[in-house]
Amino acid sequence: SAVISQKPSRDICQRGTSLTIQCQVDSQVTMMFWYRQQPGQSLTLIATANQGSEATYESGFVIDKFPISRPNLTFSTLTVSNMSPEDSSIYLCSAGHSDTQYFGPGTRLTVL
Amino acid sequence: EDKVVQSPLSLVVHEGDTVTLNCSYEVTNFRSLLWYKQEKKAPTFLFMLTSSGIEKKSGRLSSILDKKELFSILNITATQTGDSAIYLCGSYSGGGADGLTFGKGTHLIIQP
């Protein structure tokens with residue numbers, strides 16, 4: 001299994017600002033993903049973080065709003081840009097090999 | 001569009017009861033189905049199922065996949081209050097961005 005850490009664990013931000021969330025894995029993994037979980041909802045995939053190239057976004061998510069970096073096999077960042085209260089959510093990083101994914105502890109974001 | 005449907009959405013039982021949680025899926029190029037337990041923020045991995053009819057077991061939890069009927073069940077026997085959580089089912093397909101498509105989850109409450 002992979003041990004995944006995320007920071008910050010939580011933040012309260014003002015409308016119009018941006019926040020970058022970091023995800024660190026304790027071993028090299030082939031796949032890293034970012035999910036969002038809005039209050040009372042299930043997890044929704046935002047994008048696949050591709051090492052050394054642009055992320056692959058799901059329908060409804062765009063790079064300008066959620067820029068993602070993955071400079072190596074163990075680290076990725078997700079930025080939530082120009083935030084609005086609708087972006088208040090838990091953001092989760094997941095990582096793994098083949099068909100098994102493990103999740104980080106999540107970042108609870110509140111936008112005022 | 002890939003779809004995962006879980007039922008029931010919520011369930012309240014008494015300690016010691018046995019529960020069965022259901023998950024049906026319609027995904028492109030199905031590869032595997034995963035079950036997670038979510039108590040606070042991060043889902044924790046329970047099972048990965050790829051083959052029909054082979055039961056996976058971990059303590060009081062077990063799960064099985066039926067690829068013909070496109071569903072899976074998660075059984076919990078002799079439930080304890082610590083089993084109270086949201087149980088998420090996710091399907092991994094070979095199409096799209098290769099992340100998991102999740103159902104809405106089953107909110108399980110075990111009463112003492």
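Looking at chain B, identify the longest residue range that excludes and avoids all trypsin sites (Lys or Arg not before Pro) in DSSP loops having at most 13 other Cβ atoms within 10 Å.
Here the longest segment lacking exposed loop sites spans B:69-112.
By accessible area of protein heavy atoms, probe 1.4 Å, what ranking do B:I64, A:I68 get, highest first?
Heavy-atom accessible area, descending, gives B:I64, A:I68.
Of B:F45, B:Q80, B:G105, which is farthest towards the positive pole of chain B's charge dipole, taken about the Cα centre with +1 and -1 on the beta-carbons of Lys, Arg and Asp, Glu respectively?
Checking the options against the dipole of chain B, the answer is B:F45.
With a point put 7 Å past each Cα toward its Cβ, work out how far B:K40 is from A:L73 in nm, to one decimal.
Going from the B:K40 label point to the A:L73 one covers 3.1 nm.
Can you list which of the GluC sites (Glu not before Pro) found in region B:1-91 are DSSP loop residues with at most 15 other C-beta atoms within 10 Å?
Those satisfying the criteria are B:E1, B:E15, B:E39, B:E55, B:E69.
Can you give the mean number of other chain Cβ atoms that lie within 10 Å of the Cβ atoms in peptide A:34-47?
Across the residues of A:34-47, the mean count of other-chain Cβ atoms within 10 Å is 4.
Give me the percent of the accessible area of chain B that comes from carbon and sulfur atoms, probe 1.4 Å, all protein chains in place.
50
Once amide H atoms are placed 1.01 Å from N in the peptide plane, what residues at a sequence separation of 5 or more from A:I21, or on another chain, have their amide H within under 5 Å of its amide H?
A:L78, A:T79, A:V80
Using θ = phi - 60° and the Karplus form 6.51 cos²θ - 1.76 cosθ + 1.60, what ³J(HN,Hα) does each residue of region A:37-53 get, whole Hz, x for Gly and Pro?
Result, ordered by residue: 10, 6, x, x, 10, 7, 7, 10, 6, 8, 6, 9, 8, 9, 5, x, 8 Hz.
Explain nothing, just the number: relative contact order of region A:4-111, from Cα pairs under 8 Å at least 6 residues apart, as a whole percent.
Contact order relative to length: 37 percent.
Hey, got the Cα dimensions of the protein assembly as shown along the principal axes, in Å, largest first?
Reported extents, whole Å, longest axis first: 48, 37, 32.
Given the protein chains as shown and a 1.4 Å probe, how many square angstrom of B:T44 are accessible, to the nearest 10?
70
If we count every other residue with Cβ under 11 angstrom of A:Q38's Cβ, Lys/Arg +1 and Asp/Glu -1, where does the sum land?
Combined, the nearby Lys, Arg, Asp and Glu give -1.
Kindly write out, for region A:67-74 in residue order, the coupling ³J(HN,Hα) from the Karplus curve 6.51 cos²θ - 1.76 cosθ + 1.60 (θ = phi - 60°), rounded to whole Hz, with x marking Gly and Pro.
x, 10, 10, 8, x, 8, 7, 10
Mind checking which lysines have their Cα closer than 17 Å to the Cα of B:K57? Skip sequence neighbours fewer than 8 apart in that chain.
Within reach: B:K37.
What shape does region B:3-111 have by the C-alpha gyration tensor, where a ≥ b ≥ c are the square roots of the eigenvalues, rounded means a/c under 1.5, and otherwise prolate means a/b greater than b/c and oblate the rest?
Because a/c hits 1.5 or more and a/b exceeds b/c, region B:3-111 counts as prolate.
Report the one residue of A:S84, B:V4, A:I63 whose Cα lies farthest in the direction of the positive end of the charge dipole of the protein assembly as shown (charges on C-beta: Lys and Arg +1, Asp and Glu -1; origin at the Cα centre).
Of A:S84, B:V4, A:I63, it is A:S84.
If the only charges are +1 at each Lys and Arg Cβ and -1 at each Asp and Glu Cβ, what is the size of the charge dipole of the protein assembly as shown around the Cα centre, to the nearest 20 debye?
Charge dipole, the protein assembly as shown, about its Cα centre: 340 debye, nearest 20.
Over chain B, what is the relative contact order in percent, taking alpha-carbon pairs closer than 8 angstrom and at least six residues apart?
For chain B, the relative contact order is 37 percent.
Pick out, in residue order, every one of the chymotrypsin sites (Phe, Trp or Tyr not before Pro) in region A:69-110 that is DSSP loop and has at most 11 other C-beta atoms within 10 Å; say none if there are none.
Counting only loop positions with at most 11 other Cβ atoms within 10 Å, none of the chymotrypsin sites (Phe, Trp or Tyr not before Pro) in region A:69-110 qualifies.
Run the reach check for B:K41 against lysines, Cα to Cα strictly under 20 Å, same-chain hits fewer than 8 apart removed. What comes back?
By straight Cα distance, B:K41 reaches A:K7, B:K104.
Once phi is turned into θ = phi - 60°, what whole-Hz ³J(HN,Hα) does the Karplus curve with 6.51, -1.76 and 1.60 give for every residue of region B:26-43, x standing for Gly and Pro?
Once θ is set to phi - 60°, the couplings for region B:26-43 become 9, 9, 7, 6, 3, 10, 6, 10, 10, 10, 10, 10, 10, 9, 10, 9, 8, x Hz.
The values are calculated or read from the model by the stated rules, or taken from the named source; none is laboratory data. Everything quoted here is computed from the prediction, not taken from an experiment. Don't worry about glycine lacking a Cβ; one is built from the backbone with ideal geometry, like all the others, and counts go over all protein chains shown. Note: accessible area is taken over every heavy atom of the protein model, side chains too, but ligands, DNA and RNA are not part of it. Shrake-Rupley method; radii C 1.70, N 1.55, O 1.52, S 1.80 Å.
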